[in-house]
Amino acid sequence: MECAVLSDPRNAAFVVRLHFHDCFVQGCDGSVLLDDTITLQGEKKASTNIHSLKGFRIIDRIKNSLESECPGIVSCADILTIAARDAVILVGGPYWEVPLGRMDSTTAGYELADANLPSANEGLLSIISKFLYQGLSVTDMVALSGAHTIGMARCENFRERIYGDFEATSNNGNNPISKSYLDKLRSICPRVGKAAENNITAMDNVTPEVFDNSYFHMLMRGEGLMNSDQELYSSLLGMETRALVKKYAAEPLAFFQQFSDSMVKLGNITNSDSYFTGEVRTNCRFINT
């Protein structure tokens, strides 16, 4: 992970996102890593994943090293969970102990990926319900959203926001700094046209390669990049989430502590089937023959 993050700091965000997308679909079981085969439809081509997931080769390299040292011992699910923790540390975030012993699934959840994962333009109550379904609280949701302090977003996912209520939430008319930021976003992502959909920008425009609490300051300025981000602070239904955003903006250590605790909870979402049918894959992309 150190080599991967040194070569490109964005790799930290890729691996954290992979872990999140894995755990929200039938638990933290490495199912997100599976390639499509004749007999299995993986999750990689689900609409919520197809353009947003990278970092698979990093996990492949870690797995290859482990298999040469201690074959058949460490699951891909455990690798991904530890790699996500290490990714956060390597860009300045907190450390937490990772409980181990996950098994790799022999199935994937293509339909569940679209049903369970929050999307960029989703409303606050819908996102909260998806976290509650996984056994995660509103506090967990706000803290885990703070992972958006690193990583990039595609134009397709923030277009609706920057041509929607961005000016209103950021008090754009009276704030020249915010106006120039919005102008920059609109130059990256024009109002129409498929050609620009894959253009990217940092989700945290202040310290995009450092894991800190800058994301929450952005929300308080009304400059959250995606609708789902800004909803945490600006939604009329978000009294609890707004208070947490203010807390984590004011208290970086409180954010780090809660993020660590919430990542442990996220990593402990289990796939009950894999207790019985799970395995330790030799290659993270394919179930063992």
Check on Val25, assigned to a loop (DSSP other than H, G, I, E, B) and within 20 Å of Ile287 (Cα to Cα): yes
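Based on this model, can you work out whether Ala83 counts as more than 17 Å from Gln258 (Cα to Cα) and assigned by the TED database to the domain that holds Lys44?
So Ala83 passes the test.
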Given the options Asp36, Asp114, Asp104, name the one that is acidic (Asp, Glu) and in contact with a Cys (Cβ under 6 Å, 6 or more places away or on another chain). Asp104
What number goes with the only condition from (1) of a type outside the set (D, E, K, R); (2) free of Cβ contacts under 8 Å to residues at least 12 places away in the same chain; (3) open to solvent by less than 10 Å² (accessible area, probe 1.4 Å) that Asn64 does not pass? (3)
Identify all residues within segment 272-286 that are open to solvent by less than 80 Å² (accessible area, probe 1.4 Å) and under 25 Å from the mean Cα position of the chain (by Cα); write none if there are none. Ser272, Ser274, Gly278, Val280, Arg281, Asn283, Cys284, Arg285
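Could you please give the count of residues in segment 229-243 that are closer than 25 Å to Pro208 by Cα and open to solvent by less than 20 Å² (accessible area, probe 1.4 Å)?
Looking only at that region, the number is 5.
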If you check Val5, Val15, Val25, which single one turns out to be more than 24 Å from Ser274 (Cβ to Cβ), modelled with pLDDT of 95 or more and under 17 Å from the mean Cα position of the chain (by Cα)? Val5
Candidates Asn198, Asn175, Asn213, Asn171, filtered to the one that is modelled with pLDDT under 95 and under 19 Å from the mean Cα position of the chain (by Cα): Asn198
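Residue check: is Ile73 β-branched (Val, Ile, Thr), modelled with pLDDT of 95 or more and assigned to a helix (DSSP H, G or I)?
no
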If the requirement is being under 30 Å from Thr282 (Cα atoms) and either open to solvent by 50 Å² or more (accessible area, probe 1.4 Å) or outside any helix (DSSP H, G or I) (or both), which of these qualifies: Asp183, Asp114? Asp114
Can you tell me which of (1) in contact (Cβ under 8 Å) with a residue 40 or more places away in the chain; (2) assigned to a helix (DSSP H, G or I); (3) among the charged types (D, E, K, R); (4) touching an Asp or Glu at 6+ places or on another chain (Cβ under 9 Å) is the one Glu122 doesn't meet? (2)
Within segment 132-154, residues assigned to a loop (DSSP other than H, G, I, E, B) and within 15 Å of Glu240 (Cβ to Cβ) come out as Leu136, Ser137
Are there any pairs with C-beta distances below 6 angstrom linking a residue in segment 20-32 that is within 14 Å of Ser75 (Cα to Cα) to a residue that is of a type in the set (Lys, Arg), with the two at least 6 apart or on different chains, and if so which? Cys28/Arg102
Cβ-Cβ below 6 Å, separation at least six or inter-chain, first residue in segment 191-211 and closer than 21 Å to Ala4 by Cα, second aromatic (Phe, Trp, Tyr): which pairs? Asp204/Tyr215
Failed criterion for Ser178 (all others in (1) open to solvent by 30 Å² or more (accessible area, probe 1.4 Å); (2) free of Cβ contacts under 8 Å to residues at least 60 places away in the same chain hold): (1)
Consider only pairs whose beta carbons are under 8 Å apart and that are at least six residues apart or on different chains; among these, list those whose first residue lies in segment 40-52 and is under 15 Å from Pro118 (Cα atoms) and in the same structural domain as Val25 (by the TED database) and whose second residue is of a type in the set (Asp, Glu) and open to solvent by 30 Å² or more (accessible area, probe 1.4 Å). Ala46/Glu111; Ala46/Asp114; Ser47/Asp114; Thr48/Asp114; His51/Glu156
Name the residue, out of Leu237, Leu266, Leu253, that is in contact (Cβ under 8 Å) with a residue 60 or more places away in the chain and assigned to a helix (DSSP H, G or I). Leu266
For residues in segment 30-54 being surrounded by 19 or more Cβ atoms within 10 Å (Cβ to Cβ) and small (Gly, Ala, Ser), which is farthest from Ile82 (Cα to Cα)? Ala46
Could you tell me whether Phe24 is outside the structural domain of Met203 (by the TED database) and open to solvent by 20 Å² or more (accessible area, probe 1.4 Å)? no
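The values are calculated or read from the model by the stated rules, or taken from the named source; none is laboratory data. Fair warning: this is a prediction, and the values are worked out from it, not measured in the lab. Counting neighbours? That spans all protein chains shown, and the Cβs are built from the backbone with ideal geometry, glycine included. We work out accessible area using only protein heavy atoms, side chains counted, and drop any ligands, DNA or RNA first. Shrake-Rupley method; radii C 1.70, N 1.55, O 1.52, S 1.80 Å.
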